[in-house]
Each structure stands twice: as structure tokens, then as C-alpha cells.
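Bear in mind these aren't lab numbers, they're just calculated from the coordinates by the rules spelled out. On a predicted model such as this, the values are computed, not experimentally measured, just so you know. Positions of Cβ are generated from backbone atoms using ideal geometry, with glycine treated the same way; all protein chains shown enter the neighbour counts.
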């Protein structure tokens, strides 16, 4: 049953923890009882600006192992914040169960209400219900796993020295974006069991210790003639696009503790994999939810007119989209696009026009906007969401058009699509492609290695849309890969017809990652 009125939650900007409890209860009433949100249990923590900066630096996680890059990020952001060159996020929210939301203590009571609605209910619902997070993440096990990872790295530093651990983590971090499985396996990973598995692996290694790799000849050996290339690749599990996984299993000279560090970095990368594919939807969901909740609280009398105006000012800043010719333009704001699409879908469901009925016959005029949105939030990612639900109405309102900038075209830049039937579909297709990981992420995979021969690792980068890898970054990352593999690494960049466009060969640094 819908609530008809509420007592005023707070007066002015000041707040205490009793105020936060009243705010949370009110948001829960609107979010869960009226909007039908399904959430993890919430854990809300109030932190200082310094602690918020610290959380920034360690990718928002409350527990994380030590690494110099986190300190570098902290120092950089702290300097910019103190000079007034950057602000801080109003919140950080963790995909865990309980779902942890950080509130910055400097914020007003109104801003705390906004953040709780946005993070503790909007993001929380999306984390719990979207299929990618269900497929790839273990919300109940992530905090225990991070605690294990932090302690494991600390033990490695005590036993093998901070420098050796740092070198291994540096190399693993350089390959982190190529340390994920892009397709789900048969069994979902249970992070809570990883600490036990690590102990089991260590005990197993001690039982079956084999000195084979140390005694391999240093020089190049001839490949075994009777081992066919296809069978050799099959036995090695190739091709393999999860580079960290392959190194963890097959790198000849890595110590067991180094393999465990690669596994830790790989699990963390896998955990964040869905977030990169759902930025527009995730932020759009949270922004839409906080907008609905705050409007409802104002309607019920729980927040005053002044509080509501404060909220609107902040909300407007979040969803502001500069024009393409504005100096502040840096692409589409995911908050702006996501929120606009959620509102537009609500319009299509409740007040459709003839155009909407033609483009979206399955949802136009069905009447229950929240039911439709909850279904979309659960079953789509950014690429498919934009490809199927970006409407001509919204394209006109946001003044979208397709600008074609082909270096091979001597005519230079030209307008590729405008607001007509064909143009709408092409604009939608081109925009959705910008969120397609198969299009925007470099497709690199390990394709061959002769473990009985020269042990050179061969990788292939399939070039999409003419985009070769940046030379400087490529050499640095390949150097880290060669150090982990401990033998030469060759990367070939090939086009769609397997024509080799460029080759890059890197040798390992001598004893770079010696235990």
C-alpha cells in the first residue's frame, strides 16, 4: 500500500545518526515498497574526505592489498582536491553483501538522503539483479576474499621481500585488462573458498615437488617432430585470451606464491568485469531511482522545498550533458544518457506516441513503467540496451547525429546520419558499438607456444577498424609479459584476412622476476 504522508525527516543541513536512520527507513519505504526494488542488506558508513580519497585510490574497496600505485593515485588526487581543481564523489558503493555505501561526513542531510537513495537502493538493486553481476560476481564472498588477498600479499612481502612482490604485482597489473574470462564457464567461482584452495594448492605442490623446470637446458632446443602443432596447441589450452590465467597455469619459472598473486589480480579483474559493460545502465538506474525517491519524499512532506531545491541543483549537475562544441565536452555523460533513457522508457510505457508504438511494440502503452524497467535492468548491458531502446524521440531531444571521420576519405569529416528513418537506426547502431567490449577492447590472445622447443610465446592482436596498438604502451606491457613468462614473447598484429600488419618481439629482462 502506498504511503500518503510522512513526518519531516530533518530541518536544515545538520544531521546525526538518528537522522540517517530516519532517512534510510524513508528511502526503504519508497524504494522497496513502492518501486519494488530488490536489494542486498545495506551497510552505510560515514567517512572523511581523506578516507574518501583513500577509497578512490584502492578502486573503492574497503580491504585491499598494498601496492605503490594506490599511493600514487592518492597523492595525485589529494593535491588536486586541496587546490580546488577537482571535487569528490558524493558516494562510493561496493558490490558486496551487505552492500557497503560510503557517505562523506561533510555532506548535508539532503545530500545524505540523495546518496542513500542513489547508492543503497539504486546501485544495490542493479548489482543484485543484473545478469552480468549474477554470472560473474560473488557478492557474499568478495570481502572475505579481499581480506585473504591482503593478508597473503603481506605474508609474501615478509617472506620474499617487498621488491620481489612489487615486481610481480606490477607485471600482473599491467596485464589486468587481459586477465578476464569473457565467456562464462560451467561453474560460478566461489570466492569464499579461495583461501582454502590456496592452502590445498600449497600442500599439493609440496607433495609433488618437481625440479623439472629448473633443470631444463638454457639454450634453445629443437621442437619435437612428432608433436603436431595443432595437438600441441590443444594440449596447452590454446588459443587463450585470458593471459593471466595462462601464465598462472603454464609460466615455466614462476614460484607458487607468484602464481597465487596472478590469481588474486585475475579474480579482482574478473570481479570488476561487469561494471565496465554496464556503466550507462548502472548509473542510469541509480540516478533514476534517486530522482523518483527524492520526488516522492518531497511529495510526502518528508523533505522541504529548500531541501528539494538543493537536491535538484546537485541532480542537474550530475546529468548535465555539454554540447559537442562545448569546451567541456568529453563524450556522452553516462549519467545523462542513462537517466534520459530511463525517463524516456517510462514515457513510452505510460504515454506512448504512434512513433513509439511502431519502434517499441512490446512495451509501448503497457502502463507499468517500473515492471518494464526492472526487467531491462536485469537482462541487458550497455551495448544491447542502447541498441534496442534508444528512441528517435530521445535522439532528437539530445540532438544526436553521426559524424563520420575516416582518415582514408580525402573529403574529411562529414555528417553520416541525420534524423530520418535510416539515420535513427544507424545512430543507434554506432552509439551502441561504443559500449561493445568486442569493439572497444583490443582482442589479444595467446595462439602458440612450443614448450618442448624454444618456448617462445606467440600472441595475436586482431585489428578492428584499423586500430593498431600504441607502440610505447605495447612495449611496456609486453616487457612485463616476457618477464612473467621468462622467455621471448612475439606479438603479431593481423587484420581480418590474417595478413600480418606488424610484429613486436620482446625478450625477458635477466632475472627480472626471480623468486
* Asked: Tell me, what is the FRET efficiency for residue 353 and residue 504 to the nearest 0.05, using R0 = 45 angstrom and their Cβ-Cβ distance as r?
  -> 0.25
* Asked: In which sequence would 485, 439, 359 go, from the one with the fewest C-beta neighbours within 10 Å to the one with the most?
  -> 439, 359, 485
* **11 Å reach of a label modelled at residue 379, 7 Å along Cα-to-Cβ, counting backbone N of the stretch 30-44** => none
* Asked: On full extension of the chain, what length is gained from residue 370 through residue 396, given 0.36 nm per residue of separation minus the C-alpha to C-alpha distance?
  -> 6.9 nm
* **Label-point separation, residue 295 to residue 313 (7 Å along Cα→Cβ), nm** => 2.2
* Determine the shape class of the stretch 443-506: with a ≥ b ≥ c the square roots of the Cα gyration tensor eigenvalues, call it rounded for a/c under 1.5, and otherwise prolate if a/b is greater than b/c, oblate otherwise. => oblate
* To do: Quick one: work out the % antiparallel among DSSP beta bridges in the stretch 459-515, nearest 5.
  => 60
* For the stretch 233-355, what's the radius of gyration and Dmax over Cα atoms, in angstrom? -> 23.3, 68
* Asked: Using the per-residue mean of other Cβ atoms lying within 10 Å as a proxy for protection, in what order, highest first, do the peptides 21-27, 107-113, 122-128 fall?
  -> 122-128, 107-113, 21-27
* **Stretch gain in nm, segment residue 445-residue 468, where the contour uses 0.36 nm per residue and the Cα spacing is subtracted** => 6.8 nm
* To do: Quote the FRET efficiency, to the nearest 0.05, computed for residue 454 versus residue 231 with a Förster distance R0 of 22 Å and r equal to the Cβ-Cβ distance.
  => 0.75
* Structure fact -> Volume per residue (Å³) of the convex hull spanned by the alpha carbons of the stretch 332-438 is 110
* **Cβ-Cβ FRET estimate between residue 50 and residue 362, R0 fixed at 60 Å, reported to 0.05** => 0.75
